[in-house]
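Have a look at the structure below, then the notes.
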Amino acid sequence: MGNSGSAVKVCTDHQGGINWLSLSPDGQRLLTGSEDGTARLWSTADSQCHGHFQGHESYITFCHLENEAAFTCSADHTIRKWDVVTGQCLAIYRGHTSIVNRILVAKDYLFSGSYDRTARCWSVDKEKQIQEFRGHRNCVLTLAHYSSRDVLEEEEEEEEEEEKVSRDLLVTGSTDCTVKVWWVSSGRCYQTLLGHTGAVLCLILDAPNRELFSGSTDYTIRTWNIVTGEQLKVFKEHQGSVICLELVNRHLYSGSADRTVKCWFVDTGERIQTYKAHKHSVSSLKYHAGILFTGSGDACARAFNSRSGVLQKIFRGHKFIINCIQIHNELLYTASHDGTLRIWDIRGICKRNKRRLKKERSVQGRSSQKGSLSRLFNNKVGCMVQQENRE
């Protein structure tokens, strides 16, 4: 068992559970969205609250932080954009007719998914709806975005003449068991990916390799070719819903309601590790410096050696489910339904893991060197035998 850790700081400003935690691209700020209908902005330098965004008429389901602006979506059917310096609401995006549960910002686009069975695209700056994606038979739970330039060859792009104005595509996962890929410019459905028999809860995209991964309540993860729509592999070993995914160096990590995380080698589909010790569903995942960090419904965060699967540390203190985790500057941030943001120092565990990795590489290097000398010796012996045979 791992050692128990204590939080270096507990932030209790919210009056309701925290549903999501977002880190700005420059790492200077964190944004929390809460059941209390507000969002708060935190500095990673001093861990203080530097912004309080009020205006939503119901709880915040999800949030996204850019360097200059913050975005929140809510059960009040709206999305809001905020100035991170003044706290002023800069825009309200109206149009959804039910809970907005997910947003995604890409380029000048703001995408949203809702219980009203649609996804929508908005102009970030003009507070204007650009496109509506209609075709799912149930609520849209998760989103991903890519450009066809990232995945299509030139001759394939030429086949899509009508889409040449914009090559952006939106991917949506729904409780109707399907994943759909849409052309942003026209709202036309490019692919419907069929195979899941349960709600699609999470998506992760690997555009350079033309692959999309989807996790579902049917206990499986599926990987798809996002150009052809072909289902490539099905990962079947989980015994509960697949809630979250993380992709690192062709290794896929999946967190599940079966209380485990599994690591899969993407190229073969082989399951190479299972991380146990959770007493409830695994709700969030982050890989950092050879360590797999998890957040769970048992109110604990954990750190595992990603290779061996050994539990290295347990972070105790929350009272309810940890909904989201982030890592920055060797600090672990955990946001919980208990309304608190907790900050944990992970320098010690990171340092130990770096020493372990360095030692492993050194041993592998010596082993490789021995192997090279052995091959050289064998080659020389082989040459001598061949020479003798020739003589």
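The values are calculated or read from the model by the stated rules, or taken from the named source; none is laboratory data. Quick caveat: nothing in here was measured; it's all calculated off a predicted structure. Ideal geometry is used to build each Cβ from the backbone, glycine not excepted, and the neighbour counts take in all protein chains shown. Areas reflect the complete protein model, heavy atoms only, side chains present, ligands, DNA and RNA absent. Shrake-Rupley method; radii C 1.70, N 1.55, O 1.52, S 1.80 Å.
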(request) Please determine, by comparing only the residues of the range 12-26 that are part of a loop (DSSP other than H, G, I, E, B) and more than 19 Å from LEU331 (Cα to Cα), which one is most open to solvent (accessible area, probe 1.4 Å). (result) GLN15
(request) May I ask you to verify whether SER43 is surrounded by fewer than 18 Cβ atoms within 10 Å (Cβ to Cβ) and out of contact with any helix residue (DSSP H, G or I) (no Cβ under 7 Å at 6 or more places or on another chain)? (result) yes
(message) Condition first: of a type in the set (Ser, Thr, Tyr) and either crowded, with 22+ Cβ neighbours inside 10 Å or touching a residue at least 24 places away in the same chain (Cβ under 8 Å) (or both). Now tell me which residues in the range 177-222 satisfy that.
(response) THR178, SER185, SER186, THR192, SER214, SER216, THR217, TYR219, THR220
(message) What's the total number of residues in the range 254-277 that are touching a Cys at 6+ places or on another chain (Cβ under 8 Å), closer than 19 Å to ARG302 by Cβ and not β-branched (Val, Ile, Thr)?
(response) 4
(message) Suppose we filter ARG102, ARG94, ARG29 for residues that are among the basic types (Lys, Arg) and surrounded by fewer than 16 Cβ atoms within 10 Å (Cβ to Cβ); which single one remains?
(response) ARG94
(request) Identify all residues within the range 273-292 that are within 21 Å of GLN239 (Cα to Cα) and of a type outside the set (Gly, Ala, Ser); write none if there are none. (result) GLN273, THR274, TYR275, LYS276, HIS278, LYS279, HIS280, VAL282, LEU285, LEU292
(request) Might you check whether a residue that is of a type in the set (S, T, N, Q), without any contact (Cβ under 8 Å) to a residue 12 or more places away in the chain and closer than 17 Å to CYS263 by Cα occurs anywhere in the range 223-244? (result) no
(request) Scan the strands (runs of 3 or more DSSP E) fully inside the range 89-141 and keep the ones with 2 or more residues being more than 25 Å from the chain's Cα centre (by Cα). (result) 89-93, 128-134
(request) Counting only residues that are under 21 Å from the mean Cα position of the chain (by Cα) and on the phi < 0 side of the Ramachandran plot, give me the strands (runs of 3 or more DSSP E) lying completely in the range 178-226 with at least 3 of them. (result) 179-183, 200-206, 211-216, 221-225
(message) I need the full set of residues from the range 326-347 which are touching a residue at least 24 places away in the same chain (Cβ under 8 Å) and open to solvent by 20 Å² or more (accessible area, probe 1.4 Å), in order please.
(response) GLN326, ILE327, HIS328, ASN329, LEU331, HIS337, ASP338, ARG342, ASP345
(message) Tell me the residue from THR223, THR217 that is over 24 Å from ASP150 (Cα atoms), modelled with pLDDT of 95 or more and touching a Leu at 6+ places or on another chain (Cβ under 7 Å), please.
(response) THR217
(message) Looking at the structure I just gave you, is GLY37 assigned to a loop (DSSP other than H, G, I, E, B) and on the phi > 0 side of the Ramachandran plot?
(response) yes
(message) Can you tell me which condition TYR146 does not meet? The list is (1) more than 21 Å from GLY55 (Cα to Cα); (2) of a type outside the set (Gly, Ala, Ser); (3) out of contact with any helix residue (DSSP H, G or I) (no Cβ under 9 Å at 6 or more places or on another chain), and all the others hold.
(response) (3)
(request) Hey, can you tell me all the residues within the range 56-76 that are over 17 Å from GLN326 (Cβ atoms), buried (at least 18 other Cβ atoms within 10 Å of the Cβ) and out of contact with any Lys or Arg (no Cβ under 8 Å at 6 or more places or on another chain)? (result) TYR59, ALA75, ASP76
